[in-house]
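The structure under discussion appears below in the form of structure tokens.
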Amino acid sequence: MSPESIDSVLGFSTAGRIFFGWGAASVLRDVAREFGRRVFICTDQNMVKAGICETVTAHLAQGIAEVKVFDGGVPEVDRRTIEWASTMARAYSPNVVIGLGGGSNLDLAKAVALLVKHPGPLSTYYGENNVPGPVAPVIAVPTTAGTGSEVSPVAVVADPERAMKIGIASRALIPKWAVVDPALTVSCPASVTAHSGMDALAHAIESFCARVRTDASPQSIFVGKNPLSDVLAMRAITAIAKYLPTAVAQPNDRAAREEMAFASLLGGMAFSAAGTAAVHALQYPVGEATHTPHGLGNAVLLPTVMKNITPSRISEMAYIARSLDPDLASATDEDAAPRAAWLVEQLGAKVGIPKGLRALGVKEDQLPELARMASSVRRLLDNSPVAFDENGLLVLLQEAF
């Protein structure tokens, strides 16, 4: 954007500080000095059993921090777990809340930090800009490379009463520190590496292909496709295309782990500004209906959505296609672009992503209701370069089925 186009200048937000690199977790010894001694960690039993929680608490102890650990985190974190953790946290009165683990644990930490400072119920804060003020400081320490939650303003919650996942979106939830240590991802199982890696790809592609928005305001959480988010998304796409299969097949490959952690971070920064769109809007009800991992659902839905928005994003799809297939380097944009969706599907197949919603347990007679629920997620659908109403979403689900 040129300075002359001042009406189009949009805001960009990310974590207060980002620490990235092999061994970056050692910076946690400075937490007490920066935020105060009372630290509340939101994590799960897998992190405890793998020794990762012990590593983190040892770094904190070096800085004379006092630590309380909640290890009841679950995949696709639900409102009940959040309320349980928040009750424990309020009794402890922490100076800072740390999310340790996959995206669900990071989202748990954001929600706990919210409820430490503001009264429940959690549903009061669903949607955009409904958090009335600052939350407890959050530090995000991801152990998967995919969600980008370490830099995002969103916490996603599974709410059985709504029959779908719900987002709480507020810049107040953006972590103060993002501590991205690729060494912490080495113990990640192959399936989780694949699902989270494809999730990162969905973030990068949806932000890269998002609608250019002229209706965004300083209060907008997602501001649409822009030059800064494009740079971040493009770098993430090229890294994932090259390194995801290696990270899945060779978990101890240091370069692959570093590149995937970096791609996840960049993808998170990109979508936290530009926003996600139809893939994520559809995954909210699909994920809740099937109780499958968020990244897996995104991976299954992504090629179908890409195919349907390709005519509106020729140059972007051509870039994606060339990132996945260097043989397309000399092809025109018009020739390369239609290959992008198929190449993403092939990448998914290479890392074990099944084809079709049927493989996730979706029943054909569920599709109309899933489309109806997805059509309510306007904050995401408004970012799509192609407008999808309820009927359009049903067509997408039928194609993806």
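Tabulated data
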| quantity | calculated |
| --- | --- |
| Flag if Gly63 is over 18 Å from Val157 (Cβ atoms) and either outside the structural domain of Asn226 (by TED's automatic domain parsing) or out of contact with any Gly (no Cβ under 8 Å at 6 or more places or on another chain) (or both) | yes |
| Yes/no for Ala155 being within 24 Å of Ala261 (Cα to Cα), in contact (Cβ under 8 Å) with a residue 24 or more places away in the chain and in contact with a Lys or Arg (Cβ under 7 Å, 6 or more places away or on another chain) | yes |
| Odd one out for Ala216 among (1) farther than 24 Å from Leu394 by Cβ; (2) at pLDDT below 95; (3) part of a helix (DSSP H, G or I); (4) not aromatic (Phe, Trp, Tyr) | (3) |
| Residue selected from the range 207-245 under the condition crowded, with 24+ Cβ neighbours inside 10 Å and among the aromatic types (Phe, Trp, Tyr), by the criterion farthest from Gly275 (Cα to Cα) | Phe208 |
| Options Pro182, Pro189, Pro132; residue that is more than 25 Å from Ser86 (Cβ to Cβ) and either without any contact (Cβ under 8 Å) to a residue 24 or more places away in the chain or of a type in the set (Lys, Arg) (or both) | Pro189 |
| Neighbours by Cβ (under 6 Å, 6+ apart or cross-chain): first from the range 92-110, closer than 14 Å to Gly146 by Cβ; second of a type outside the set (D, E, K, R) and assigned to a strand (DSSP E or B) | Asn105/Cys42; Asn105/Gly99; Leu106/Gly99; Leu106/Ala140; Asp107/Ala155; Asp107/Val156 |
| Thr81 surrounded by fewer than 19 Cβ atoms within 10 Å (Cβ to Cβ), among the hydroxyl-bearing types (Ser, Thr, Tyr) and not assigned by TED's automatic domain parsing to the domain that holds Pro293 | no |
| The range 9-61 - residue that is without any contact (Cβ under 8 Å) to a residue 60 or more places away in the chain, surrounded by fewer than 19 Cβ atoms within 10 Å (Cβ to Cβ) and among the aliphatic types (A, V, I, L, M) and, of those, nearest to Gly101 (Cα to Cα) | Val48 |
| Residues (of a type outside the set (A, V, I, L, M) and within 15 Å of the chain's Cα centre (by Cα)) located in the range 293-327 | Pro293, His294, Gly295, Gly297, Asn298 |
| Residue that is surrounded by 24 or more Cβ atoms within 10 Å (Cβ to Cβ), within 21 Å of Leu301 (Cα to Cα) and aliphatic (A, V, I, L, M), where the choices are Ala178, Ala204, Ala140 | Ala204 |
| Residues of the range 243-262 that turn out to be closer than 18 Å to Val344 by Cβ and touching a residue at least 24 places away in the same chain (Cβ under 8 Å), as a count | 5 |
| Helices (runs of 4 or more DSSP H) contained in the range 35-105 and holding at least 1 residues touching a Phe, Trp or Tyr at 6+ places or on another chain (Cβ under 7 Å) | 79-92 |
| Filter pass, Glu369 being surrounded by 21 or more Cβ atoms within 10 Å (Cβ to Cβ) and farther than 20 Å from Leu201 by Cα | no |
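Conditions tested, residue by residue: (1) modelled with pLDDT of 95 or more; (2) closer than 16 Å to Pro142 by Cβ; (3) surrounded by fewer than 22 Cβ atoms within 10 Å (Cβ to Cβ).
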| residue | (1), (2), (3) |
| --- | --- |
| Gly63 | no, no, yes |
| Val77 | no, yes, no |
| Asn95 | yes, no, yes |
| Gly103 | no, yes, no |
| Ala109 | yes, yes, no |
| Val112 | yes, no, no |
| Lys117 | yes, no, yes |
| Gly120 | no, no, yes |
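The values are calculated or read from the model by the stated rules, or taken from the named source; none is laboratory data. No experiment lies behind these values; they were computed from the predicted model shown. Glycine also receives a Cβ, built like all others from the backbone with ideal geometry; neighbour counts cover every protein chain displayed.
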